[in-house]
Amino acid sequence: MKSVVTTVIASADAAGRFPSTSDLEAVQGSIQRAGARLEAAEKLAANLDNVAKEAYDACIKKYSYLNNEGEANSTDTFKAKCARDIKHYLRLVQYCLVVGGTGPLDEWGIAGQREVYRSLGLPTAPYVEALSFARNRGCAPRDMSAQALTEYNALLDYAINSLS
């Protein structure tokens, strides 16, 4: 799984060199931010169901036509799958916070997602809306510290950009 440490080591190995000073500084910066990332992961874990439900509700409010007959959210099964996917993305964000890199999102959330959604005829805009809502609902210090919120929002932005 990709993390800052594995990425730095793999890059140095691929170039046939030892990690440089700037490589080691990147690792050190990641380690220094670990406390904030773990705080964000813990807070997200404690509120995952609520955040996912609010994000799902926000995306369906904006894209209410998806509830129409034959649309992507028209049956209870489709609704459950949409809510599950939103929760899945949030879990991947949580995993990324723990490992300190985008590996979980890259490997389990982004790779092939556009092709899957396209082949199933699913729009990505509602997922973007849901993740944007999750990003915008966070508040420091109410939900977590400012640094933890920065780490959390950066990963949500990463996921949003991959879906856009």
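The values are calculated or read from the model by the stated rules, or taken from the named source; none is laboratory data. This one's a predicted model, so the numbers in the text were calculated from it and none came from an experiment. Note that we place each Cβ from the backbone using ideal geometry, even for glycine, and neighbour counts take in every protein chain shown.
One line per residue, one yes/no per condition, for (1) within 24 Å of LYS61 (Cβ to Cβ); (2) out of contact with any helix residue (DSSP H, G or I) (no Cβ under 7 Å at 6 or more places or on another chain):
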site: GLY101; (1), (2): no, no
site: GLU107; (1), (2): no, yes
site: LEU120; (1), (2): yes, yes
site: ALA130; (1), (2): yes, no
site: ASN136; (1), (2): yes, yes
site: ASP143; (1), (2): yes, no
site: ASN153; (1), (2): yes, no
site: ALA159; (1), (2): yes, no
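Among residues of the stretch 1-30 that are at pLDDT 90 or above, those with a beta-carbon under 6 Å from a residue that is surrounded by 12 or more Cβ atoms within 10 Å (Cβ to Cβ) and not in a helix (DSSP H, G or I) at least six positions away or on a different chain give the pairs ALA12/PRO19.
Of everything in the stretch 55-89 that's over 18 Å from ALA125 (Cβ atoms) and not charged (D, E, K, R), which residue is surrounded by the most Cβ atoms within 10 Å (Cβ to Cβ)? Taking the candidates together, the pick is THR75. Against the definition (surrounded by 12 or more Cβ atoms within 10 Å (Cβ to Cβ) and in a helix (DSSP H, G or I)), how does ALA12 come out, yes or no? For ALA12, the condition - surrounded by 12 or more Cβ atoms within 10 Å (Cβ to Cβ) and in a helix (DSSP H, G or I) - is met. Among the criteria (1) assigned by TED's automatic domain parsing to the domain that holds ALA134; (2) surrounded by 11 or more Cβ atoms within 10 Å (Cβ to Cβ), the one ALA26 does not fulfil is (1). Within the stretch 81-99, being closer than 19 Å to ASP57 by Cβ and over 10 Å from the mean Cα position of the chain (by Cα) holds for LYS81, CYS82, ALA83, ARG84, ASP85. Every condition in (1) touching a residue at least 12 places away in the same chain (Cβ under 8 Å); (2) more than 17 Å from LEU131 (Cα to Cα); (3) touching a helix residue (DSSP H, G or I) at 6+ places or on another chain (Cβ under 8 Å) holds for GLU71 except the one numbered (1). Among the residues of the stretch 143-163, those identified as of a type in the set (D, E, K, R) and under 19 Å from GLY35 (Cβ atoms) are ASP143, GLU151.
With the stretch 15-129 as the region, which helices (runs of 4 or more DSSP H) entirely inside it contain at least 3 residues that are among the basic types (Lys, Arg) and under 21 Å from ASN161 (Cα atoms)? Hits in the stretch 15-129: 76-99.
This table checks each residue for (1) free of Cβ contacts under 8 Å to residues at least 60 places away in the same chain; (2) among the hydrophobic types (A, V, I, L, M, F, W, C).
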| site | (1), (2) |
| --- | --- |
| CYS82 | yes, yes |
| GLY101 | no, no |
| TRP108 | yes, yes |
| PHE133 | no, yes |
| PRO141 | yes, no |
| ASN161 | yes, no |
